[in-house]
1. Give me the pairs, please: first residue somewhere in region 1-13 and closer than 14 Å to ARG137 by Cα, second residue anywhere and open to solvent by 80 Å² or more (accessible area, probe 1.4 Å), beta-carbon distance under 8 Å, and either six or more positions apart or on two chains.
2. Working carefully through the options ALA17, ALA9, find the one that is over 19 Å from the mean Cα position of the chain (by Cα) and under 17 Å from ILE133 (Cβ atoms).
3. From VAL85, VAL89, which residue is surrounded by 12 or more Cβ atoms within 10 Å (Cβ to Cβ), within 13 Å of the ligand (Cβ to nearest atom) and under 15 Å from the mean Cα position of the chain (by Cα)?
4. Determine, yes or no, whether ASP25 is away from the ligand (no atom under 16 Å from the Cβ), open to solvent by 30 Å² or more (accessible area, probe 1.4 Å) and either in a helix (DSSP H, G or I) or within 20 Å of ARG123 (Cα to Cα) (or both).
5. Mind checking which pairs have a first residue in region 69-96 that is without any contact (Cβ under 8 Å) to a residue 12 or more places away in the chain and a second that is buried (at least 20 other Cβ atoms within 10 Å of the Cβ), Cβ under 9 Å, 6 or more apart or different chains?
6. Looking only at residues in region 164-174 that are more than 10 Å from the ligand (Cβ to nearest atom) and under 17 Å from ALA80 (Cα atoms), which one is farthest from the chain's Cα centre (by Cα)?
7. Looking at (1) away from the ligand (no atom under 11 Å from the Cβ); (2) part of a helix (DSSP H, G or I), find the lone condition where ASP161 falls short.
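The values are calculated or read from the model by the stated rules, or taken from the named source; none is laboratory data. Keep in mind the model is a prediction, meaning the values are calculated, not measured. For neighbour counting, all protein chains shown are included, and Cβ atoms are generated from backbone atoms with ideal geometry for every residue, glycine included. Surface accessibility is based on the protein's heavy atoms, side chains included, excluding ligands, DNA and RNA. Shrake-Rupley method; radii C 1.70, N 1.55, O 1.52, S 1.80 Å.
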Amino acid sequence: MKKELDGTALNQLFLEAHTFNKFTDQPVADDTIKKIYDLLKWGPTAVNCQPGRYVFVKSQEGKARLAPALSEGNVAKVNAAPVTVIVAVDSRFYDHLPEQWTAYDARKPFADDAAAAQTVGFRNGTLEGAYLILAARALGLDAGPMSGFSNAKVDAEFFPDGRFKSNFLVNLGYGVAEGGYYPRGPRLTFDDAATII
Ligand SMILES: Cc1cc2nc3c(=O)[nH]c(=O)nc-3n(C[C@H](O)[C@H](O)[C@H](O)COP(=O)(O)O)c2cc1C
């Protein structure tokens with residue numbers, strides 16, 4: 001029988017977790033990056049598809065390639081972050097389905113229907129990006145997701161063959177506790193956002 005996570009875990013994942021804009025100089029080890037992937041990959045997706053693709057940009061060269069695509073307000077945040085992840089979607093994610101989903105031929109419906117492939121790829125790739133944020137938090141890192149950038153420019157620079165499509169960016173690192181994030185914005189109440197029927 002599983003137990004509810006303790007308060008420390010809930011605080012780290014949700015209640016005291018913030019979106020960080022400033023990070024300390026502490027680097028993020030490549031082994032930590034691999035651990036993030038080895039957690040996020042277990043998050044559930046439709047027909048066990050894994051459309052998420054991730055470019056972990058650590059180097060100054062990589063950051064310089066990203067910079068021209070960024071909204072002005074995100075340039076300093078990306079430059080200051082130890083890692084910026086390009087969370088992308090493999091538009092041909094269904095080519096992996098014969099190994100990932102053996103119950104029946106799940107590839108063909110997507111190979112034959114571009115609109116369905118786009119919807120399912122984007123939906124599940126976005127879920128995987130959310131799992132990435134929670135995996136990073138679980139490992140003690142802080143995250144700063146961003147959609148303020150030109151997807152077309154990122155795609156032209158990083159994915160020129162057109163197969164992968166950028167979705168959003170996530171800065172990763174160890175957040176600056178004092179002034180590293182904005183005050184919490186209010187959230188909708190349960191009654192505003194949900195019903196139980
Ligand atoms: C998909 C996504 C896109 C976002 N885009 C930006 C962005 O371009 N620039 C930025 O400064 N913050 C961006 N944010 C940060 C949000 O404003 C922030 O996560 C939200 O206000 C919650 O803040 P909190 O986690 O500190 O409570 C983005 C967040 C998400 C999840």
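1. Listed pairs, sorted by first residue: LEU13/LEU5.
2. So the residue among ALA17, ALA9 that is over 19 Å from the mean Cα position of the chain (by Cα) and under 17 Å from ILE133 (Cβ atoms) is ALA9.
3. VAL85
4. No.
5. Pairs found: ALA76/ASN21.
6. The selected residue is TYR174.
7. (2)
One line per residue, one yes/no per condition, for (1) away from the ligand (no atom under 15 Å from the Cβ); (2) surrounded by fewer than 18 Cβ atoms within 10 Å (Cβ to Cβ):
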residue	(1), (2)
ARG107	yes, no
ALA111	yes, yes
VAL120	yes, no
ASN124	yes, no
GLU128	no, no
LEU139	yes, yes
ASP142	no, no
MET146	no, no
ALA152	yes, yes
